[in-house]
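What follows draws every value from the coordinates through simple rules; no lab data is involved. All values reported here derive from a predicted model rather than from experimental measurement. Note that each Cβ is placed from the backbone with ideal geometry, even for glycine, and that neighbours are counted across all protein chains shown.
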Amino acid sequence: MKKSIHTISLLALFFNCLIFSKNTQAQSKANLNDVSFMHGHWQGTFNGGPIEAFWAKPSGDNLTGFMRMMKDDKVTMYEMLIFEQTDKGPIVLVKHFKPGLIGVEDKEVSDRYNFIESKKEWALFEKQDGSIRIIYEKRGADVLVIQRGKQENGKWVFADLFVFNSVK
């Protein structure tokens, strides 16, 4: 009996090591190509007005994008998003600006999101303080969705924040 428990324990340890190794390899292989599906010109609505986003293709160590939010033909917010490649995978740096290009965050500060995982046309990032998770997802050929997640009762709950349609 002791021998079979020992064997089971060794097998469990072996499989945990394999899973950890596979997850570590998947994390280290993450790169900007995992978010290249966002490339293009996108439009949607948010808070009763139009929202528009532009994403460049990855180039070098970054993928750059921006959004503008409007209401009654006036800008309400600009958002600059930079995906940068790091040794641990891509990170997202976000800065918000009010009309007149007045920064919301302090001059030297940006929201920072670390890469968690990706699948085909889907990527998950977590804010550096662990308070928010963001999913970037392409749904079909012409829809890009950005979801925001928060912890509720110990689980991550996501809701669509921005839903964009491709502009051709």
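Neighbours of residue 158 by Cβ distance under 11 Å: Lys/Arg scored +1, Asp/Glu scored -1, total +1. With coordinates expressed along the principal axes, the C-alpha atoms belonging to the stretch 54-168 extend over 38, 38, 36 Å, beginning with the largest. Counting Lys and Arg as +1 and Asp and Glu as -1 over every other residue whose Cβ lies under 9 Å from the Cβ of residue 67, the net charge comes to -1. For residue 132, which sequence-distant residues (separation of 5 or more, or a different chain) have an amide H within less than 5 Å of its own amide H, given hydrogens modelled in the peptide plane? Distant-sequence amide H within range of residue 132: 127. Of 119, 150, the sequence from fewest to most neighbouring Cβ atoms within 10 angstrom is 119, 150.
The mean sequence distance of close C-alpha pairs (under 8 Å, at least 6 residues apart), as a share of the length of the stretch 31-166, puts its relative contact order at 18 percent. Neighbour counts of other Cβ atoms within 10 Å put 156, 122, 55 in the fewest-to-most order 156, 122, 55.
In terms of distances greater than 23 angstrom between alpha carbons, the cross-link table entries 107/138; 57/95; 119/150; 107/155; 74/127 yield 107/138; 107/155; 74/127.
Peptides 46-53, 75-82: what's the order by average Cβ count within 10 Å, highest mean first? All intermediate terms of the calculation are to be shown ahead of the outcome.
Numbers: 46-53: 15.4, 75-82: 17.0.
The most tightly packed comes first, giving 75-82, 46-53.
Compared with the direct C-alpha span, the chain from residue 148 to residue 59 gains 29.4 nm at full extension, assuming 0.36 nm per residue.
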